[in-house]
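Single-structure report; data block below.
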Amino acid sequence: MFSFKILIAAAAFVCVSARHILLEDETNYYLLPIEDLEDVEPSEDLVPIRTGRMRRQVQGSVTAKSDGTSGANVRIPLAGGDQNALSAIGSVNFNKDLKMIGQTAGLELDNIKGHSLMLTHSKLPGADRITAAGNVNLFHNDNHNFDANAFAARTMPNAAQAPAFNTYGAGAEYMFKNKVGADVNIVRTPHFDQTDYSAGGKLNLFRGRDSSLDFNAGLVKTVSPYIPKSSWEPNLGFTFKKWF
């Protein structure tokens, strides 16, 4: 009886643009129009879950790195529809002595296809920074996800005699089954004739309905005429995420 209702619900969804909800039990996922929920027998094993690749939930994360630095991030949904979601975002960063060395606040617009735009304002030691960033999903299926991203930032030192300067960056990220991933990034600051390179990998150690734990490992390198010798330095860390 329940399977028959699922077929009817699926047909209705294809024929009309009805609002819908995705339900999950122990073995499968079911797509039902909201108006048909009253016909579904209640079950403790049947719960609603989210669709698409954008989350409309409060999300928090904590990152700890091998150099002793750490950070915390939060995302709070503000508004959204079937295709897009607008969220308030914020973060704080700490040095190895747990002294705050930066704080950021802004807005992020996410699309169900994996695209996003972000505008933030950061308070750094001795400076303010405005950053505009974007992410474009280039490919996605059940196993693979490939994104490209870019940003432009304007840093304004607090000292009157220090000029403002720009920083630009771009990168790419690949994920396999939300389990194993890799990314590469390049950041350029013309004012200091400085280029930063990074390459890394990510391994998901745990993923539940409302939390996940990732291990991150990579290499970073800074090239500048003001740095006579530069080499690739390791960068390791863990990131824990929680959805509410």
Is it the case that Ala162 is touching an Asp or Glu at 6+ places or on another chain (Cβ under 6 Å) and at pLDDT below 95? no
Kindly evaluate Lys99 against the criterion of being modelled with pLDDT under 95 and under 28 Å from Asn166 (Cβ atoms). yes
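I'm checking my understanding of the structure. Among residues of the stretch 102-111 that are surrounded by fewer than 16 Cβ atoms within 10 Å (Cβ to Cβ) and among the hydrophobic types (A, V, I, L, M, F, W, C), which one is nearest to Arg154 (Cα to Cα)? Break it down stepwise before answering.
Kept after step one, since they are surrounded by fewer than 16 Cβ atoms within 10 Å (Cβ to Cβ), are these residues of the stretch 102-111: 103, 105, 107.
Cutting the leftovers down to among the hydrophobic types (A, V, I, L, M, F, W, C) gives us 105, 107.
Numbers: Ala105: 15, Leu107: 17 Å.
Per the stated criteria, the residue is Ala105.
For every residue, the table says whether it meets (1) free of Cβ contacts under 8 Å to residues at least 40 places away in the same chain; (2) under 20 Å from Ala64 (Cβ atoms).
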position	(1), (2)
Asn158	yes, no
Val180	yes, no
Asp183	yes, yes
Thr195	yes, no
Tyr226	yes, no
Phe244	no, no
Does at least one position in the stretch 114-132 carry a residue that is in contact (Cβ under 8 Å) with a residue 40 or more places away in the chain and over 13 Å from the mean Cα position of the chain (by Cα)? no
For a quick check of your reading of the model, give me the residue pairs whose first member lies in the stretch 141-153 and is not in a strand (DSSP E or B), whose second is not hydroxyl-bearing (Ser, Thr, Tyr), with beta-carbon atoms closer than 8 Å and at least 6 apart or on different chains. Asp142/Lys177; Asn143/Phe176; Asn143/Lys177
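The values are calculated or read from the model by the stated rules, or taken from the named source; none is laboratory data. Note that the structure is predicted; figures quoted are calculated from it, not measured. Cβ sites come from the backbone with ideal geometry, for glycine too, and all protein chains shown count toward neighbours.
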